[in-house]
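K.L.:
Before we start, here is the structure in question, set down as structure tokens.
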Amino acid sequence: MGNDENCVSADGSSKKRAFGSSNTLNQQAVSPRKRSVLGELSANGGNVNLGFEDVCTPEMIVKKTLKKIAEKKDGQLKKGHSPLIYQCLRSMEAEEKRRPLSNYMEKVQTDITIGMREILVDWLVEVADEYKLISDTLYLAVSYIDRYLSSHALSRNKLQLLGVSCMLIASKHEEITPPRIEDFCYITDNTYVKEEVVEMEKDILKFLNFEVSNPTTKTFIRSFLRAANENPTPNLKFEILVCYLAELSLLNYGFLRFNPSMIAASAIFLSNFTIQPEKHPWSLALQLYSGYEAFELVECVLALRFLQLCKGFSSQAVRQKYMHPKFKCVAELRPPSAIPPSYFQGHQPNKC
């Protein structure tokens with residue numbers, strides 16, 4: 001990879017987002033700013049036989065495609081089987097080489113703290129917003145960071161370099177037009193030169209064995225939303241709330257103990273409860289599709305709920321982003337004071 005970057009100019013209106021010196025790593029303040037909407041890439045519907053034996057108009061092809069997708073989805077959920085691709089993703093996320101240590105700050109790092117990691121991720125949220133990167137890029141970059149720090153002791157003055165290098169690799173993998181290396185140097189206020197970023201990029205790729213693809217929480221959210229949407233018309237506010245809660249988890253080091261699929265499932269659970277507290281938040285369809293029963297999500301759901309309710313965190317990039325009307329102001333939503341214990345004991349089959 002190295003110097004073979006895609007030469008794509010950054011948005012001319014971009015401003016420098018200085019991460020700060022090692023002294024400012026101990027500061028928690030984040031300046032407010034107005035944010036633009038991030039673009040999203042939607043997943044494909046899967047392998048579908050369009051039935052081209054007959055001569056079809058474009059309108060007929062679209063109708064047949066949508067019908068077959070719906071029939072395939074309904075059949076999978078009724079049989080109690082999650083798609084094969086989902087089962088493969090669950091196996092991948094459990095592989096030791098793809099999982100960061102949940103205690104690497106205590107076991108590996110000597111100069112970097114949990115607070116510094118939070119500041120870095122919060123800053124990367126702003127970088128992703130500044131360059132209009134899709135959320136998959138952000139999730140993947142944070143995954144690289146945690147995995148790298150799980151085996152490499154790093155000095156605090158190299159933490160931002162690690163962050164932009166991981167974002168560079170993730171953007172090359174996910175984006176159609178990724179920013180250039182020079183753009184990432186610029187966004188750090190030229191704290192690092194191009195050669196330093198290239199060298200760190202090579203080191204990260206070597207550590208990853210060039211296996212840059214990895215299932216993230218965002219990957220599983222897409223899968224679960226198919227099972228969660230009981231109505232033909234998607235609930236946009238619900239889907240945005242799920243994404244908001246999941247992005248909050250990126251900031252918190254404590255969530256490394258949970259698999260991405262569990263965080264995604266918990267975000268679905270808590271979003272359902274926040275929007276419709278009178279209805280059981282974990283349907284039979286979700287249980288069958290995800291493989292998680294409600295009682296397995298207790299710890300993760302309560303941890304997410306704490307993040308949702310707490311307003312005192314200094315890292316505010318995610319909250320400010322989702323306070324925007326284009327994101328339905330979902331950061332303002334609050335769940336009821338307590339989740340009924342019965343919701344974690346199971347659901348009512350006749351309401352699934």
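The values are calculated or read from the model by the stated rules, or taken from the named source; none is laboratory data. Note that the coordinates shown come from a computational prediction; the quantities given were computed from them, not determined experimentally. No Cβ is skipped: glycine too gets one built from the backbone with ideal geometry, and neighbour counts run over all protein chains shown.
K.L.:
Inside the range 129-179, can you point out the residues that are over 19 Å from ALA317 (Cβ atoms) and of a type in the set (S, T, N, Q)?
P.N.:
Once the filter is applied, which keeps residues that are over 19 Å from ALA317 (Cβ atoms) and of a type in the set (S, T, N, Q), the range 129-179 yields SER150, SER151, SER155, ASN157, SER165, THR177.
K.L.:
For LYS107, which of the numbered conditions (1) touching a Ser or Thr at 6+ places or on another chain (Cβ under 6 Å); (2) of a type in the set (Lys, Arg); (3) without any contact (Cβ under 8 Å) to a residue 12 or more places away in the chain fails to hold?
P.N.:
Exception for LYS107: condition (1).
K.L.:
Ok, one more. Scan ALA265, ALA285, ALA246, ALA228 and give me the residue that is crowded, with 23+ Cβ neighbours inside 10 Å, modelled with pLDDT under 95 and either β-branched (Val, Ile, Thr) or not assigned by TED's automatic domain parsing to the domain that holds PRO100 (or both). Spell out how you get there, then give the answer.
P.N.:
Values: ALA265 fails: modelled with pLDDT under 95; ALA285 fails: crowded, with 23+ Cβ neighbours inside 10 Å; ALA246 fails: modelled with pLDDT under 95.
ALA228 is the lone residue from the list that is crowded, with 23+ Cβ neighbours inside 10 Å, modelled with pLDDT under 95 and either β-branched (Val, Ile, Thr) or not assigned by TED's automatic domain parsing to the domain that holds PRO100 (or both).
K.L.:
Give GLU175, GLU201, GLU196 a once-over and let me know the one that is in contact with a Gly (Cβ under 8 Å, 6 or more places away or on another chain), in the same structural domain as ILE119 (by TED's automatic domain parsing) and either in contact (Cβ under 8 Å) with a residue 12 or more places away in the chain or surrounded by fewer than 20 Cβ atoms within 10 Å (Cβ to Cβ) (or both).
P.N.:
Values: GLU175 fails: in contact with a Gly (Cβ under 8 Å, 6 or more places away or on another chain); GLU196 fails: in contact with a Gly (Cβ under 8 Å, 6 or more places away or on another chain).
Just one listed residue meets the conditions, GLU201.
K.L.:
Now for a separate question. Tell me which helices (runs of 4 or more DSSP H) are completely within the range 27-146 and hold 1 or more residues being modelled with pLDDT of 95 or more and under 20 Å from ILE169 (Cβ atoms), or say none if there are none.
P.N.:
On the way: elements: 58-79, 84-93, 104-107, 114-130.
Output list reads 84-93, 104-107, 114-130.
K.L.:
Please state which of the following conditions LYS279 fails to meet, knowing it meets all the rest: (1) part of a helix (DSSP H, G or I); (2) basic (Lys, Arg); (3) in contact (Cβ under 8 Å) with a residue 60 or more places away in the chain.
P.N.:
It fails just one condition, (1).
K.L.:
Evaluate the range 334-351: report whether one residue or more is within 17 Å of ALA228 (Cα to Cα), hydroxyl-bearing (Ser, Thr, Tyr) and surrounded by 19 or more Cβ atoms within 10 Å (Cβ to Cβ).
P.N.:
The answer is yes, given that some residue of the range 334-351 is within 17 Å of ALA228 (Cα to Cα), hydroxyl-bearing (Ser, Thr, Tyr) and surrounded by 19 or more Cβ atoms within 10 Å (Cβ to Cβ).
K.L.:
Determine whether ASN272 is modelled with pLDDT of 95 or more and in contact with a Ser or Thr (Cβ under 9 Å, 6 or more places away or on another chain). Talk me through it step by step, then tell me what you get.
P.N.:
On the way: modelled with pLDDT of 95 or more: yes; in contact with a Ser or Thr (Cβ under 9 Å, 6 or more places away or on another chain): yes.
Spelling it out, ASN272 is indeed modelled with pLDDT of 95 or more and in contact with a Ser or Thr (Cβ under 9 Å, 6 or more places away or on another chain).
K.L.:
Restricting to the range 306-327, what's the tally of residues that are in contact with a Leu (Cβ under 9 Å, 6 or more places away or on another chain) and surrounded by fewer than 18 Cβ atoms within 10 Å (Cβ to Cβ)?
P.N.:
Looking only at that region, the number is 1.
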